[in-house]
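Colleague: There's a structure below that I have some questions on.
The values are calculated or read from the model by the stated rules, or taken from the named source; none is laboratory data. The model shown is predicted, which means the values in this text are computed figures rather than measured ones. Here Cβ is always computed from backbone atoms with ideal geometry, including for glycine, and neighbour counts include all displayed protein chains.
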């Protein structure tokens, strides 16, 4: 007889949602995670949420209750709701800064690009809720190996230096982009690997950002002491002068921290951080693999980032965790729950069936590589001459770059050859992106 009906490996937003929902439905469930404190966020997460607009084919309807200090998030099309202990803040400005000192800005006046939340608080909320529903948890525990038969999954774990085997009828693997369970089970064998790199995030207060509060994307070797990479700075809701700084870098892992240390202490923008203090640090190793076309592998269901291209973000990981629980319960009842989840996966995450959407998700962080330094300076000067101000904009990771390119294409001063390249960027898949970047680097 199995120890549990379901074991959930990895207790981030997807895993915690799955644990709580399964326990709520009377399923005996255990959550396993290497972290000692599941109420604290230890993985880099910038804390932005796309609400009251379509994202991953789902609209989250928010309901703010300041008297409770809560924001309720209603996933109406999927039939569930959850909450965040706090009030979300809208972000209406977005910036890009080159290492020549030029900068670009876009603003909305009516509807924010996205809303901010505190990832740590969001995770603490889900953990508390899951415990109240009766889910069990095993912390400071590494999931090492997994074997399965027709009726059972055997999971080898290590706690305090000692190994043991736990058994379950079905397993949910929600252990992130670098999913160990996907590797050791063989579920990754059909996925294409694009590379990996570290990211480090500092949350800082006392940041003297001299422009209207918004997110900032910095690029160019001069900003990082000659190191290749980028940095995204997103406002944090903990204070008006608080920001989360997240690096984009290459191996070794120490590069991420070196970039952020140089940027805040020695780079051209270091004056913004003279009085700033670090209040939290987090990190992650980001592996880029094509998404699983079928996230079920035997009796294991891969949920959230463990089966995804790049990331699901907190909001979509939460809905993946919920649907994982629904479909696992169906499997336990002898129904075709895994087929149900596969349909959900295909319908809500576009890069499963349309590889171009993988490229679309990459384009914002790759934006500076589509143009020479001279071309970027020219475009950024134009954005100062013709401020980009809209009532609202399609600004999800899939759509942001298209929005920017269309704004520049509409400017008469932009040469036709640049406009043609922008149109190519808008429609490019991963292969075309690589070719475009190669051509720019040679020019």
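Colleague: Evaluate region 112-127: report whether one residue or more is buried (at least 20 other Cβ atoms within 10 Å of the Cβ), farther than 25 Å from residue 326 by Cβ, without any contact (Cβ under 8 Å) to a residue 60 or more places away in the chain and in contact with a strand residue (DSSP E or B) (Cβ under 6 Å, 6 or more places away or on another chain).
Modeller: yes
Colleague: So which residues in region 60-81 are closer than 13 Å to residue 319 by Cα and either at pLDDT below 95 or not in a strand (DSSP E or B) (or both), if there are any at all?
Modeller: Result: 60, 76, 77, 78, 79.
Conditions (1) more than 28 Å from residue 150 (Cβ to Cβ); (2) assigned by TED's automatic domain parsing to the domain that holds residue 124; (3) in contact with a strand residue (DSSP E or B) (Cβ under 7 Å, 6 or more places away or on another chain), marked per residue:
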position: 10; (1), (2), (3): no, yes, yes
position: 13; (1), (2), (3): yes, yes, no
position: 20; (1), (2), (3): yes, yes, no
position: 23; (1), (2), (3): no, yes, yes
position: 26; (1), (2), (3): no, yes, no
position: 30; (1), (2), (3): no, yes, yes
position: 36; (1), (2), (3): yes, yes, no
position: 41; (1), (2), (3): yes, yes, yes
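Colleague: Please specify each residue of region 348-377 satisfying the condition of being farther than 15 Å from residue 398 by Cβ and either assigned to a helix (DSSP H, G or I) or within 15 Å of the chain's Cα centre (by Cα) (or both).
Modeller: Kept after step one, since they are farther than 15 Å from residue 398 by Cβ, are these residues of region 348-377: 368-377.
Passing the criteria: 368, 369, 370, 373, 374, 375, 376, 377.
Colleague: Ok, one more. Is it the case that region 234-243 has a residue that's modelled with pLDDT of 90 or more and touching a helix residue (DSSP H, G or I) at 6+ places or on another chain (Cβ under 7 Å)?
Modeller: No: zero hits.
Colleague: Here's a follow-up. In region 28-49, is there at least one residue being under 17 Å from residue 394 (Cα atoms) and in contact (Cβ under 8 Å) with a residue 40 or more places away in the chain?
Modeller: First, the residues of region 28-49 that are under 17 Å from residue 394 (Cα atoms): 48-49.
Filter again for in contact (Cβ under 8 Å) with a residue 40 or more places away in the chain, leaving 48-49.
Yes, region 28-49 has at least one match.
Colleague: Ok, one more. Name the single residue that is surrounded by the fewest Cβ atoms within 10 Å (Cβ to Cβ) among those in region 170-193 being in a loop (DSSP other than H, G, I, E, B) and more than 19 Å from the chain's Cα centre (by Cα). Give the derivation first.
Modeller: Initially, region 170-193 is screened for residues in a loop (DSSP other than H, G, I, E, B), giving 174-179, 186-192.
Now narrow it down to the ones that are more than 19 Å from the chain's Cα centre (by Cα): 186-192.
Working: 186: 11, 187: 23, 188: 21, 189: 9, 190: 11, 191: 17, 192: 11.
It comes out as 189.
Colleague: Among the residues of region 382-405, write down those that are assigned to a helix (DSSP H, G or I) and surrounded by 14 or more Cβ atoms within 10 Å (Cβ to Cβ). Steps first, please.
Modeller: Of all residues in region 382-405, those assigned to a helix (DSSP H, G or I) come to 382-385, 400-405.
Selection gives 382, 383, 400, 401, 402, 403, 404, 405.
For every residue, the table says whether it meets (1) touching a residue at least 40 places away in the same chain (Cβ under 8 Å); (2) within 18 Å of residue 104 (Cα to Cα).
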| position | (1), (2) |
| --- | --- |
| 379 | yes, yes |
| 386 | no, yes |
| 404 | yes, yes |
| 414 | no, yes |
| 418 | yes, yes |
| 421 | yes, no |
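Colleague: Just give me the residues in region 151-166 being touching a residue at least 12 places away in the same chain (Cβ under 8 Å), loosely packed, with under 15 Cβ neighbours inside 10 Å and either outside any strand (DSSP E or B) or out of contact with any strand residue (DSSP E or B) (no Cβ under 9 Å at 6 or more places or on another chain) (or both), in sequence order.
Modeller: Result: 151, 160.
Colleague: Would you pick out the residues in region 307-324 that are outside any helix (DSSP H, G or I) and in contact with a strand residue (DSSP E or B) (Cβ under 9 Å, 6 or more places away or on another chain)?
Modeller: Here is the first cut: in region 307-324, the ones outside any helix (DSSP H, G or I) are 308-312.
Matches in region 307-324: 308, 309, 310, 311.
Colleague: If we keep just the residues of region 86-137 that are within 18 Å of the chain's Cα centre (by Cα) and assigned to a loop (DSSP other than H, G, I, E, B), which is farthest from residue 240 (Cα to Cα)?
Modeller: Selected residue: 113.
Colleague: Still on this structure, please answer the following. Residues of region 232-260 being assigned to a helix (DSSP H, G or I) and in contact with a strand residue (DSSP E or B) (Cβ under 6 Å, 6 or more places away or on another chain), which ones?
Modeller: Within region 232-260, the first condition is being assigned to a helix (DSSP H, G or I), and the residues that meet it are 254-260.
Once the filter is applied, which keeps residues that are assigned to a helix (DSSP H, G or I) and in contact with a strand residue (DSSP E or B) (Cβ under 6 Å, 6 or more places away or on another chain), region 232-260 yields 256, 257, 259, 260.
Residues checked against (1) over 22 Å from residue 5 (Cβ atoms); (2) assigned by TED's automatic domain parsing to the domain that holds residue 121:
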{"position": "270", "(1), (2)": "yes, no"}
{"position": "275", "(1), (2)": "yes, no"}
{"position": "315", "(1), (2)": "yes, yes"}
{"position": "318", "(1), (2)": "no, yes"}
{"position": "342", "(1), (2)": "no, yes"}
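Colleague: Residue check, residue 301 against (1) assigned to a helix (DSSP H, G or I); (2) touching a strand residue (DSSP E or B) at 6+ places or on another chain (Cβ under 7 Å); (3) surrounded by 20 or more Cβ atoms within 10 Å (Cβ to Cβ), all met but one. Which one?
Modeller: Result: residue 301 fails condition (1) only.
Colleague: Against the condition assigned by TED's automatic domain parsing to the domain that holds residue 56, touching a residue at least 24 places away in the same chain (Cβ under 8 Å) and either in contact with a helix residue (DSSP H, G or I) (Cβ under 9 Å, 6 or more places away or on another chain) or surrounded by fewer than 20 Cβ atoms within 10 Å (Cβ to Cβ) (or both), how does residue 348 come out, does it pass?
Modeller: On the way: assigned by TED's automatic domain parsing to the domain that holds residue 56: yes; touching a residue at least 24 places away in the same chain (Cβ under 8 Å): yes; either in contact with a helix residue (DSSP H, G or I) (Cβ under 9 Å, 6 or more places away or on another chain) or surrounded by fewer than 20 Cβ atoms within 10 Å (Cβ to Cβ) (or both): yes.
So residue 348 passes the test.
Colleague: Exactly one of these conditions fails for residue 411: (1) at pLDDT 90 or above; (2) assigned to a helix (DSSP H, G or I). Give me its number.
Modeller: The one condition residue 411 does not meet is (2).
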